[in-house]
Amino acid sequence: MTQAEATQLKATPLNAAHRAAGARMVDFGGWDMPVNYGSQIEEHHAVRTDCGMFDVSHMCVVDLQGANVRAFLRGLVANNVDKLQISGKALYSCMLLPEGGVIDDLIIYFFNENWFRLVVNAGTAEKDIAWINARNAETNSGLTVTQRRDGANALALVAVQGPNARAKTWQVIPQAQAASEAIKPFNAVIVENTAFGEVMVARTGYTGEDGFEIAVSADKVNALWDALAAAGVKPAGLGARDTLRLEAGMNLYGQDMDEGVNPLDAGLAWTIDLVSERNFTGKAALQKQGQNAQFLGLILREKGGVLRAHQKVITAQGEGEITSGTFSPTMQQTIALARLPMGVAIGDTVQVQIRDKQLAATVVKLPFVRNGKILAS
C-alpha cells in the first residue's frame with residue numbers, strides 16, 4: 001500500500017513506527033494496519049514461546065460514568081455485571097439486538113460504582129457508541145459516555161502477549177510490577193506516575209497466552225512501544241494475531257458472529273446469563289430461539305486444501321459452515337472454527353467442501369492451543 005493510499009485510511013498513533021519498521025500495511029476495516037513485519041510465522045512463534053506485542057489502538061476505549069452505570073449495564077449486555085465487585089475486575093460479554101443478534105463483543109472493566117470502562121471492536125465502535133447513547137437517553141440513565149480513541153484524552157492500546165510478556169512489561173514499567181503481579185487473569189490495575197504517565201494494565205488478551213493489554217495516553221505510546229522493543233518484545237501484526245486467536249478458539253466479530261447470529265450458536269453461551277431475574281436487551285429472543293447449532297473445532301485430515309471461512313461442512317446430522325480457518329503454525333495442521341448441527345459429536349469425522357473436493361476433517365473441542373500447549377489433535 002502506498003502512502004497516498006494510506007492517507008485515505010484511519011491511522012493509530014503508532015502508524016509511523018510500523019512503517020519505519022518495514023511493516024506490510026493493509027486496509028483493515030478502514031484502518032491502515034500492519035499485517036506483518038517480515039515473517040508472520042516468526043511473530044506467531046514469538047508469542048507462543050517468548051513474547052510479542054500488537055498495536056490494538058484501532059480498538060476503542062469507552063468510559064461510562066455516573067451514578068446509574070451498573071444498573072444501565074445490567075440491561076445493556078448479556079453477561080451479568082453484578083459479577084464485578086472488586087475494582088479492576090473484567091468481564092467479557094456481548095451487546096445484543098432485541099432480536100438476539102450480536103451488535104459487538106466487548107470487555108467491561110469495573111473501577112468504581114461511578115466508572116466502568118468498555119473496550120469495543122474497531123469496526124463497530126461508532127455503531128456501539130450510538131447504540132449506547134440511544135439506550136442512555138431511552139432509560140434516562142444520565143451517564144457520561146466518553147470515547148477515548150480520538151481527541152485530547154485519547155488512549156492507545158498495546159497488547160504484550162506470551163509466556164515472558166509480564167516479566168518484560170515489568171522491566172519497562174517497573175511501577176506496574178507491585179500493582180499487577182498478584183492480579184489474576186481478567187483483572188486490571190491503574191498505575192500512576194510511570195515513565196509513560198498513567199497506564200491501565202489489564203491481564204487480558206486475544207492469543208491464548210498470558211500477558212497484558214496496556215492502555216496509555218496516545219502521546220506516550222510511541223515511547224512505550226520503543227521501550228518494549230528495546231527489551232526484546234517482538235512486534236507482531238494482524239496475521240499472527242489471527243492465527244493465534246484461532247488456535248485459542250476465540251471468536252472474531254464479523255466472521256464468527258455478527259448481528260445475524262444468535263450467540264448461543266457461536267459458542268458464547270458462557271458469556272450469557274439467562275439464569276438471574278435480570279432482564280437485558282435480547283434476553284427474550286434468546287430464550288425463545290434457544291441453541292440451534294454447536295460451535296466446534298475442525299482439524300483437516302487430508303491433503304489438498306486449506307480450511308477457510310464459508311466452506312460447507314457435510315455431517316450425518318446435516319450441513320454446517322466454517323466461520324474461520326487457517327494453517328496452524330503451532331500444530332502444523334489446518335484448523336477451523338465451525339458452526340455445526342446439533343448432534344455432531346467430538347471425534348466425529350465430517351467432510352469439508354473445498355472447491356470440487358470433499359476432504360475429511362475431525363471434530364474437536366476448542367481451544368486447539370492454550371498457554372503454549374496443544375490441546376486438540
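The values are calculated or read from the model by the stated rules, or taken from the named source; none is laboratory data. Not measured: the values here are computed from a predicted model. Heads up, the Cβs are rebuilt from the backbone with ideal geometry, glycines too, and the neighbour counts pull from every protein chain shown. When the accessible area is computed, the model is the full protein with side chains, heavy atoms only, and any ligands, DNA or RNA have been set aside. Shrake-Rupley method; radii C 1.70, N 1.55, O 1.52, S 1.80 Å.
Here is a list of conditions, (1) at pLDDT 95 or above; (2) open to solvent by 40 Å² or more (accessible area, probe 1.4 Å), and ALA152 meets all of them except one; can you say which number that is?
All conditions pass for ALA152, except number (1).
Answer yes or no as to whether GLY162 is under 14 Å from the mean Cα position of the chain (by Cα) and at positive phi.
no
Determine which member of the set ALA179, ALA130, ALA167 is over 30 Å from LEU228 (Cβ atoms) and free of Cβ contacts under 8 Å to residues at least 40 places away in the same chain.
On the way: ALA179 fails: over 30 Å from LEU228 (Cβ atoms); ALA167 fails: over 30 Å from LEU228 (Cβ atoms).
Residue meeting the stated conditions: ALA130.
Would you pick out the residues in region 330-348 that are closer than 18 Å to GLY304 by Cα and touching a Ser or Thr at 6+ places or on another chain (Cβ under 6 Å)? Spell out how you get there, then give the answer.
Within region 330-348, the subset closer than 18 Å to GLY304 by Cα is 331-336.
Passing the criteria: only ILE335.
Only strands (runs of 3 or more DSSP E) wholly contained in region 268-377 count here; list those with 1 or more residues that are open to solvent by 50 Å² or more (accessible area, probe 1.4 Å). Lay out the reasoning, then the answer.
On the way: elements: 293-300, 312-315, 318-328, 333-341, 349-354, 357-364.
Hits in region 268-377: 312-315, 318-328, 333-341, 349-354, 357-364.
Tell me the helices (runs of 4 or more DSSP H) entirely within region 30-141 that contain at least 3 residues that are open to solvent by 20 Å² or more (accessible area, probe 1.4 Å) and closer than 30 Å to GLY162 by Cβ.
Those helices (runs of 4 or more DSSP H) span 40-49.
Could you please find all residues in region 48-87 being over 28 Å from ASN222 (Cα atoms) and of a type in the set (D, E, K, R)?
ARG70, ARG74, ASP82, LYS83 - these are the residues of region 48-87 that are over 28 Å from ASN222 (Cα atoms) and of a type in the set (D, E, K, R).
Which condition number does TYR206 fail, the rest of (1) touching a strand residue (DSSP E or B) at 6+ places or on another chain (Cβ under 6 Å); (2) under 28 Å from VAL81 (Cβ atoms); (3) aromatic (Phe, Trp, Tyr) being met?
Here TYR206 clears every test but (1).
Just give me the residues in region 221-252 being touching a Gly at 6+ places or on another chain (Cβ under 7 Å), surrounded by fewer than 23 Cβ atoms within 10 Å (Cβ to Cβ) and of a type outside the set (A, V, I, L, M), in sequence order.
Result: LYS234, single match.
If you scan region 184-232, which residues turn out to be farther than 27 Å from SER328 by Cβ, in a strand (DSSP E or B) and of a type in the set (Asp, Glu)?
GLU192, GLU198
Does region 281-291 contain any residue that is in contact with a Gly (Cβ under 7 Å, 6 or more places away or on another chain), of a type in the set (Val, Ile, Thr) and within 20 Å of GLN255 (Cβ to Cβ)?
Scanning region 281-291 turns up no residue that is in contact with a Gly (Cβ under 7 Å, 6 or more places away or on another chain), of a type in the set (Val, Ile, Thr) and within 20 Å of GLN255 (Cβ to Cβ).
Which members of region 41-70 meet the condition of being farther than 19 Å from VAL145 by Cα and β-branched (Val, Ile, Thr)?
Once the filter is applied, which keeps residues that are farther than 19 Å from VAL145 by Cα and β-branched (Val, Ile, Thr), region 41-70 yields ILE41, VAL47, THR49, VAL56.
I'm trying to understand the selection: among the residues of region 233-251, which are in a helix (DSSP H, G or I) and within 22 Å of PHE295 (Cα to Cα)?
ARG241, ASP242, THR243, LEU244, ARG245, LEU246, GLU247
Exactly one of these conditions fails for VAL191: (1) closer than 16 Å to ILE107 by Cα; (2) in contact with a strand residue (DSSP E or B) (Cβ under 8 Å, 6 or more places away or on another chain). Give me its number.
For VAL191, the failing item is (1).
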